[in-house]
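A short worksheet on the structure shown next.
The values are calculated or read from the model by the stated rules, or taken from the named source; none is laboratory data. The shown structure was predicted, so the numbers you read here are calculated from the model rather than taken from an experiment. Every residue, glycine as well, gets a Cβ built from its backbone with ideal geometry; the counts of neighbours run over all protein chains shown.
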């Protein structure tokens with residue numbers, strides 16, 4: 001069977017991002033090109049039509065201008081000749097009313113009477129009617145002595161208007177010449193922009209996809225490590241995005257699985273111990289009574305006079321009786337471990353269970369309770385939960401007394417609605433638990449106390465696990481300086497109603 005090859009996710013994301021960026025740009029490039037061509041064709045046709053009209057109008061305008069220039073020249077010559085015949089002007093009379101002449105003659109802006117030696121006998125002028133208008137000069141002789149009449153006429157700049165029209169026609173022709181290269185340059189520029197956008201999209205897509213795929217690869221790698229037996233492997237994803245949240249949830253799941261696996265292993269070991277305890281209790285209990293009776297009969301049946309032998313028999317009887325009593329206590333312990341009842345959970349008020357511990361005179365004087373502000377309800381077996389807490393309190397009192405104090409114990413509890421559990425802390429004033437004993441403290445028959453069988457913590461943890469929680473030794477010491485044991489139990493909903 002051949003294995004199908006798949007494109008890497010990073011390549012898929014990069015290609016998808018490039019297509020997302022390029023597709024609308026390519027489509028818009030095609031549409032813009034078509035619209036540009038259509039607009040250019042329309043503009044070209046319109047420009048050519050207007051160009052023909054402008055050329056025709058310019059031809060007519062030029063003819064009209066030529067005619068007007070010719071007529072204006074004749075008019076100015078006629079005015080100059082007529083004024084040159086006036087007696088007062090021919091006489092170079094400085095009293096001649098030249099201002100009146102300017103007012104009477106159309107287009108005349110300045111007049112000057114010039115003697116033969118070039119000096120001015122009289123002159124008058126007025127401003128141009130329009131700043132852009134131009135001046136033309138016409139001279140006529142005044143008599144035969146060499147005097148002259150200099151007349152300045154103002155005329156509109158018709159030649160400049162015609163020049164502007166010619167420039168407009170030239171610009172239009174130039175546009176028609178460069179239109180196609182200009183359109184090609186725009187198209188090339190757009191294609192360059194399209195290529196740059198594609199490269200930028202590919203680069204960003206590669207970077208973004210590698211950022212995503214690296215994090216996914218880290219998750220996959222951690223999952224494979226766990227499946228290969230590396231149960232302590234955890235994924236490290238920084239940030240606050242969805243993948244980081246997935247990584248934290250994945251680690252939480254692994255922690256829960258690790259805790260569940262440890263609890264199952266612990267229950268399995270406890271099951272083996274319970275089976276062994278039941279068998280030992282049965283096997284040890286049966287011969288104890290016959291042994292005790294046989295020894296008592298031997299002691300009581302001796303009728304001799306040997307005092308030392310009689311004393312030896314009496315001492316032997318006492319030793320056997322003490323050891324049989326110790327064996328009976330051990331059998332009772334085995335029977336307790338091997339006959340733990342089944343947990344029957346129901347909603348109960350946690351405060352009531354803890355407060356009932358104070359009914360025991362040996363605990364009442366040692367307990368300090370720190371309840372939360374709001375009542376807490378748990379799902380638990382009331383009798384067995386009370387037994388769990390009693391075992392922990394009993395151990396805490398003994399730990400404090402062995403440390404040389406009264407053995408005071410503090411119990412507090414806090415609900416955690418997010419995890420749907422309640423945490424009960426039991427703090428003692430003992431010496432704490434040595435680091436070497438932390439891993440084995442919950443194993444059966446392991447104890448750090450001078451007296452005891454080492455089953456209290458084992459039974460407490462087994463019952464807590466069967467409740468859906470656990471009992472652990474906190475990593476940090478209690479505020480009192482001793483050890484802190486933490487019992488976790490599932491919450492059981494609102495506070496049950498009381499009658």
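Checked against the criteria, residue 274 does not count as in a helix (DSSP H, G or I), modelled with pLDDT of 70 or more and not assigned by TED's automatic domain parsing to the domain that holds residue 12. The requirement of being part of a loop (DSSP other than H, G, I, E, B), in the same structural domain as residue 400 (by TED's automatic domain parsing), modelled with pLDDT of 90 or more and in contact with a helix residue (DSSP H, G or I) (Cβ under 8 Å, 6 or more places away or on another chain) is fulfilled somewhere in the stretch 475-486, by at least one residue. Part of a loop (DSSP other than H, G, I, E, B), out of contact with any strand residue (DSSP E or B) (no Cβ under 7 Å at 6 or more places or on another chain), at pLDDT 75 or above and in the same structural domain as residue 58 (by TED's automatic domain parsing): does that describe residue 118? It is true that residue 118 is part of a loop (DSSP other than H, G, I, E, B), out of contact with any strand residue (DSSP E or B) (no Cβ under 7 Å at 6 or more places or on another chain), at pLDDT 75 or above and in the same structural domain as residue 58 (by TED's automatic domain parsing).
Scanning the stretch 53-78 for residues that are out of contact with any helix residue (DSSP H, G or I) (no Cβ under 7 Å at 6 or more places or on another chain), at pLDDT below 75 and either closer than 30 Å to residue 191 by Cα or surrounded by 11 or more Cβ atoms within 10 Å (Cβ to Cβ) (or both) turns up 57, 66. Does residue 419 satisfy the condition of being free of Cβ contacts under 8 Å to residues at least 24 places away in the same chain and either surrounded by 21 or more Cβ atoms within 10 Å (Cβ to Cβ) or farther than 19 Å from residue 457 by Cα (or both)? Considered against the rule, which asks whether it is free of Cβ contacts under 8 Å to residues at least 24 places away in the same chain and either surrounded by 21 or more Cβ atoms within 10 Å (Cβ to Cβ) or farther than 19 Å from residue 457 by Cα (or both), residue 419 comes out as yes.
What about residue 366, is it farther than 23 Å from residue 419 by Cα and either out of contact with any helix residue (DSSP H, G or I) (no Cβ under 6 Å at 6 or more places or on another chain) or surrounded by 15 or more Cβ atoms within 10 Å (Cβ to Cβ) (or both)? Yes, satisfied. Candidates 262, 249: the one that is within 30 Å of residue 489 (Cβ to Cβ), at pLDDT 75 or above and surrounded by 13 or more Cβ atoms within 10 Å (Cβ to Cβ) is 262. Taking the criterion of being on the phi < 0 side of the Ramachandran plot and at pLDDT 90 or above, the residues of the stretch 418-429 that qualify are 421, 422, 423, 424, 425, 426, 427, 428, 429.
Matching residues to (1) surrounded by 11 or more Cβ atoms within 10 Å (Cβ to Cβ); (2) touching a residue at least 12 places away in the same chain (Cβ under 8 Å):
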position: 92; (1), (2): yes, yes
position: 102; (1), (2): yes, yes
position: 110; (1), (2): yes, yes
position: 115; (1), (2): yes, yes
position: 120; (1), (2): yes, no
position: 123; (1), (2): yes, yes
position: 128; (1), (2): yes, yes
position: 132; (1), (2): no, yes
position: 138; (1), (2): yes, yes
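Scanning for something under 17 Å from residue 69 (Cβ atoms), outside any helix (DSSP H, G or I) and modelled with pLDDT under 85, does the stretch 160-175 turn up at least one residue? No.
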